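Each remark here refers to the structure printed beneath this line.
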Amino acid sequence: MFDIGWSELLLIAVVALVVLDPKDLPVLMRKIGAFTAKARATVASFQGMLESAGLEEERKELQQDFRSIHTSVAEEIEPVMQSLAVQHKQREELFINS
């Protein structure tokens, strides 16, 4: 998140030790740790929402594509199915009349 190296952390720790009372330092570190954890959780949640929204949009596009393919296939198959139904009926009538 932040580009802080070990030397910067050491400088911050020395300044905090000089400025703050040593017995207040653990409380401050816990608060900083809790804030960092909360910030990371918020960022992860936001990233998850963005990914979820992207996946939902992709799912809708795929669903629309499948519906389009289904419609075109159904339109192509319909005459064949009708022809087969007519042939089946004719063969059935021939079998019954034989």
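When we screen Arg59, Arg67 for residues that are surrounded by 10 or more Cβ atoms within 10 Å (Cβ to Cβ), at pLDDT below 85, in a helix (DSSP H, G or I) and of a type in the set (Lys, Arg), the only hit is Arg59.
For the stretch 6-17, indicate whether the set of residues that are hydrophobic (A, V, I, L, M, F, W, C) and part of a loop (DSSP other than H, G, I, E, B) is non-empty. There is no residue in the stretch 6-17 that is hydrophobic (A, V, I, L, M, F, W, C) and part of a loop (DSSP other than H, G, I, E, B).
The values are calculated or read from the model by the stated rules, or taken from the named source; none is laboratory data. Not measured: the values here are computed from a predicted model. Quick reminder, even Gly has a Cβ in these numbers, built from the backbone with ideal geometry, and neighbours come from all protein chains shown.
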